[in-house]
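Presented below is the structure to which this report refers.
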Amino acid sequence: MDHLHQRPAPGEYNEYYGKYIARVPTGDIAALLRDQMIDTRALLSSVKPGDADRGYAPGKWTVKEVVGHVCDTERIMTYRALRIARGDKTDLPGFDENEYVPAASFGERELGGLVEELAAVRNSTIALFRGLPHEAWPRRGSASGSEVSVRALAAIVAGHELHHRELLETLYLGR
């Protein structure tokens, strides 16, 4: 099995991320990431303009904020993957999503622009993962004080998006 098809083992990531990794089917992770973006774009294209600025409950993120959060998280996870793949042993810092979302002012943007940004981020993610040498995938580094492999970070990216797309479908759009 080549590096794009290998699933991370439980010891390759903090157990918190297991909920995301469990959502990811076995197969070519780059192809999965490409297909996910197609499905996510289709879902988000069905959001009515007024609905993009609403959360599913008081105090919950809006659709725009969810899309922005997915962009931010993917950027951070792929940055971690890049550094670890290149052999960087620095403990990479964590981030607080609840501070990032308000600071980004996603509500002031158009949903279409956020979707295009997500697509650009995803294309960059796919290019990074497709270009990694085989020996980079099992490499481990440290992020937020926990050991993580490049392979696990790729699965976290995919599973995180699946998690939020499911929330958008069920809680936000009632599907």
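Odds and ends about this structure:
- Computed FRET value (nearest 0.05) for Ala31 with Tyr56, which takes r as the C-beta separation and R₀ as 30 Å: 0.45
- Residues of type aspartates and glutamates that Lys89 reaches as a straight line, Cα spacing below 19 Å, ignoring anything fewer than 8 places off in the same chain: Glu12, Glu135, Glu147
- Asn14-Ser46 pseudo-label distance in nm [points 7 Å out on the Cα-to-Cβ vector]: 3.4 nm
- Set the Cα radius of gyration of the chain against 2.2 N^0.38 Å, with N its number of residues, and you get 1.02.
- Protection proxy ranking of 90-100, 115-125, 53-63 - average other beta-carbon atoms within 10 Å, highest first: 115-125, 53-63, 90-100
- Computed over the alpha-carbon atoms, segment 32-94 gives an Rg to Rh ratio of 1.12, Rh here being the Kirkwood radius from the mean inverse distance.
- For the pair Glu108 and Arg86, the difference between a 0.36 nm per residue extended length and the Cα-Cα distance amounts to 4.3 nm.
- Residue-wise HN-Hα couplings along segment 88-96, as the Karplus relation 6.51 cos²θ - 1.76 cosθ + 1.60 with θ = phi - 60° gives them from phi, are 5, 9, 5, 6, 7, x, x, 8, 10 Hz; Gly and Pro carry x.
- Fully extending the segment from Glu99 to Ala127, taken as 0.36 nm per residue of separation minus the present Cα-Cα distance, adds 7.2 nm.
- Extension reserve of the Glu169-Arg23 stretch, reckoned as 0.36 nm per residue once the Cα distance is removed: 51.0 nm
Bear in mind these aren't lab numbers, they're just calculated from the coordinates by the rules spelled out. Keep in mind that what you see is a predicted model, and the values were worked out from it rather than measured. Because the Cβ atoms are built from the backbone with ideal geometry, glycine has one as well, and the counts that use them run over all protein chains shown.
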